[in-house]
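One structure is given here, and the rest of the page talks about it.
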Amino acid sequence: MLSDYVFIGLFAIVAAIFPFAGFAVSYLVRPKRPDPVKSDVYECGMKPIGEAWVQFKVQYYLYALIFVIFDVMSVFLFPWAVAYHTLGLYALVEMCIFLGILVGGLIYAWRKGALRWV
Amino acid sequence: MVLQAVFMLFSAMAVGAALAVVTNKNIFHSALFLVVALLGVAGLYVLLEAPFIAVVQVLIYVGAISTLILFAIMLTRRLMDASERQRNEQWFISAIVAVGLFIVLVLSVGQVHWPVVHTDVPENHLNRLGQDLMEHYVLPFEVTAVLLLAALVGAIVIARERTR
Amino acid sequence: MIPLHWFLIVAAALFCIGLYGVLSRRNAVGILMGIELMLNAVNVNLVAFWRYLDPLESLGQVFVLFVLAVAAAEAAVGLALIIAIYRNRDTIIVEDIDLMKW
């Protein structure tokens, strides 16, 4: 049972090594001729203005919030889907009630303009 | 033996990253260490033969809640610079309380004789979980939907900027 | 097999670290991260007890799912409150938010 996870573990180790290997190889084979213009910070060819930690809009948070709520919803959907064939019609009704309540929240968010990008 | 080593690895990952979360000066780095700690906990769930819970942990905590925390840090970013003092005056007392509680918990865990049963997890336990969720725990299940609805509406009302 | 004690001790360590974070952080987001650590410790305990004491029932896992849902709702509302406080008072240092203190 647990030995099935050996492959996932190997995959994770290879995935962790991969970026380091890439950077190491490019570090070894690249020519090193730094000059001040080349090592300058740039952004779309322009000199950056201010610091990188700019103030973000609250819209990012609202999107992440709605994502979290529906992520939790999907977690409850999964065991229901697995057990669907052994359950009767009442389970479908229960899940419809569950989804209906949450879709009400989505409609509220929509009406309030939380999904609009300003 | 291998199992014990893997357990040690995951718990070291979780506890070490958790220590970094509470002691790091930069709150943004703390949030990234929180992701590592949560992944370590997901590994512990795998060792406990609860793969569904492990996936849920990655999906919700690592994927969603940590994103939410990172966005909240970016939105309140003026306090992120490391020059700001991150500990309050009572941190030393807090540390003593936390260590004391840990010692008490470890001692009491050793005192109790747990009635451990040596059975395997049934193959179709996810099926069982779905059935129980739909039959025995229907009311908490539907109340969860109401809770999530209340959280969604409340958080939108609180976080939105007053336009108009 | 790994003894049950080990899981309980790791969970206790996570809980105490989270408690220290809650008590010692000045930044409100840091306090919330401490709470998340404590909730995770509780979940580890629940799953460990399910696996070692009652693996044939599903109660332990159902409980973990509900704790997760509550944790998500708590994080969403808590962080929204922090953002609202930041917008109104320009700080999320909990020591400076003391309007109701006397």
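The values are calculated or read from the model by the stated rules, or taken from the named source; none is laboratory data. Here the structure is a predicted model, which means the values were calculated and not measured. Please note: Cβ atoms are built from the backbone with ideal geometry, for glycine as well, and neighbour counts cover all protein chains shown.
The figures follow:
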quantity: Selected residue (only one of B:ALA98, B:ALA159, B:ALA64 is touching a Leu at 6+ places or on another chain (Cβ under 8 Å), at negative phi and at the interface with chain A (Cβ under 7 Å from one of its Cβ atoms)); calculated: B:ALA159
quantity: Residues of segment A:96-118 satisfying the condition of being assigned to a loop (DSSP other than H, G, I, E, B) and either farther than 15 Å from A:LEU65 by Cα or of a type in the set (Ser, Thr, Tyr) (or both); calculated: A:VAL118
quantity: Filter pass, A:VAL6 being modelled with pLDDT under 90 and either assigned to a helix (DSSP H, G or I) or on the phi > 0 side of the Ramachandran plot (or both); calculated: yes
quantity: Some residue of segment B:91-106 being under 30 Å from C:ARG87 (Cα atoms) and in a helix (DSSP H, G or I); calculated: yes
quantity: Complete set of residues in segment B:17-48 that are more than 14 Å from the chain's Cα centre (by Cα), farther than 20 Å from B:ILE69 by Cα and either without any contact (Cβ under 8 Å) to a residue 24 or more places away in the chain or more than 10 Å from chain C (Cβ to nearest Cβ) (or both); calculated: B:VAL46, B:LEU48
quantity: Hey, B:GLU123 more than 9 Å from chain A (Cβ to nearest Cβ), charged (D, E, K, R) and without any contact (Cβ under 8 Å) to a residue 60 or more places away in the chain or not; calculated: yes
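To keep it simple, each residue is scored yes or no on (1) surrounded by fewer than 24 Cβ atoms within 10 Å (Cβ to Cβ); (2) modelled with pLDDT of 90 or more.
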site: C:CYS16; (1), (2): no, yes
site: C:VAL22; (1), (2): yes, yes
site: C:SER58; (1), (2): no, no
site: C:VAL67; (1), (2): yes, yes
site: C:ARG87; (1), (2): yes, no
